[in-house]
Amino acid sequence: MLAQIEKSPPLSIYQLANQCGRNYRRVFDHVKELAAAGLVNVRPDIRNGRQVSIVESIYQQRLQRLDDMFAFKVKLDAAQ
Amino acid sequence: MQLSEAAARLLALLDPEGVLIGGICGAVYGVERFTRGVDIAADLDPEVIMQRLQHAGIDSNVRRSSEPGDLSWGVHGQFENIDFQVLPASETGISSGMFEIRAGLRVADIRDFITSKCIAAGQQDMHDIAAICLMQPELEAFSRDCAAHYRCLATLESWLDDRRLQQRYLS
């Protein structure tokens, strides 16, 4: 499951369960264990008006930091 | 548009031949450094690359070189105000078929990435390799051999000895 999360862009636990062909509850519990071990991050989000839990791999978090740095630099350049 | 989104959309246009190299690839492997553009390696003719980009409404141009040590071509452009370049995979040390899918992006295999950095051999490139070696010591011997082959071992060693880099990446 971790390999699946690492390959994918951020996805909801529901999508992950679908991709893995496994029961939602079991996937939810497994993701919680992975999050407790620091291997993935889980954050709330709203998709199609519904609150969902989004699972992100360490790779996704690294890309997000890069995107944040880039956005900051663009803002800085625009201000100068 | 975010940098990673631009990378994903450009990669989709160059699928399946394109793989991410450069700063974004480094970020995926854990290197924390600012980058302002998208670098892609592809085993395609530059004309084919420009055609695919043109179909998506993206203007680009090719710069060719016959100078020794230079890449023979590079396709450059801007996508949503983000600079990008597509470089010849074979000349940048990237083997087609050797890649990883990470966070939905097709990134160069880590050893190919190190090779591409040794070919480029700039300070920033050696910084990136040293950071990877500090995070994954099992790659240090390979990186040293590669750097020695491309005559940039001294620069890599100076980065490997850098205290600040060690503090940042040694865990």
Margin query: Can you compute the modelled spin-label distance between residue A:12 and residue A:46, with each label point 7 Å from Cα toward Cβ, in nm?
Written below: 1.4 nm
Checklist line | Full-stretch length increase - residue B:158, residue B:101 - with 0.36 nm per residue and alpha-carbon distance subtracted | finding: 17.4 nm
Item checked: Calculated P(r) tail over 26 Å for chain B, as whole % of Cα pairs -> 28 percent
Check: By average Cβ neighbour count within 10 Å, what is the ranking of B:94-106, B:46-58 from highest down?
Finding: B:94-106, B:46-58
Check: By what distance, in whole Å, do the Cα atoms of the protein assembly as shown stretch along each of the three principal axes, largest value first?
Finding: 60, 46, 43
Item checked: Percentage relative contact order, segment B:59-171, counting C-alpha pairs under 8 Å, at least six apart -> 15 percent
Check: Of B:12, B:108, B:130, which is the most mobile in a GNM of chain B whose springs link Cα atoms less than 10 angstrom apart?
Finding: B:12
Notebook entry, point to check: Rounded to the nearest 500, what is chain A's calculated 222 nm mean residue ellipticity when only DSSP H runs of at least 4 contribute -39500 (n - 2.57) each, over all residues?
Noted result: -19000 deg cm²/dmol
Check: So what is the 222 nm mean residue ellipticity for chain B from helices alone, if each DSSP H run of at least 4 adds -39500 (n - 2.57) and you divide by all residues, rounding to the nearest 500 deg cm²/dmol?
Finding: -13000 deg cm²/dmol
Next item on the list: With a point put 7 Å past each Cα toward its Cβ, work out how far residue B:166 is from residue B:121 in nm, to one decimal.
Entry: 2.7 nm
Note to self: With just the Cα atoms defining each centre, how far is segment A:1-78 from segment B:22-60? Give it in Å.
What the structure shows: 24 Å
Item checked: C-alpha long axis of helix A:24-36 to longest principal axis of chain A, angle in ° -> 50 degrees
Next item on the list: Two decimals is fine: what's Rg over Rh for chain A, C-alpha atoms, Kirkwood radius as Rh?
Entry: 1.10
Item checked: Rotationally averaged projected area of segment B:1-89 (alpha carbon convex hull; nm²) -> 5.9 nm²
Next item on the list: Taking 7 Å along the Cα-to-C-beta vector as the label spot, tell me the residue B:111-residue A:29 distance in nanometres, rounded to one decimal.
Entry: 4.0 nm
Note to self: Calculate the FRET efficiency for residue B:141 and residue A:80 from the Cβ-Cβ distance with a Förster distance of 41 Å, rounded to the nearest 0.05.
What the structure shows: 0.40
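Coordinate-derived values only; no laboratory data. Note that the structure is predicted; figures quoted are calculated from it, not measured. In this analysis, Cβ positions are derived from the backbone assuming ideal geometry, glycine residues included, and neighbour counts consider all displayed protein chains.
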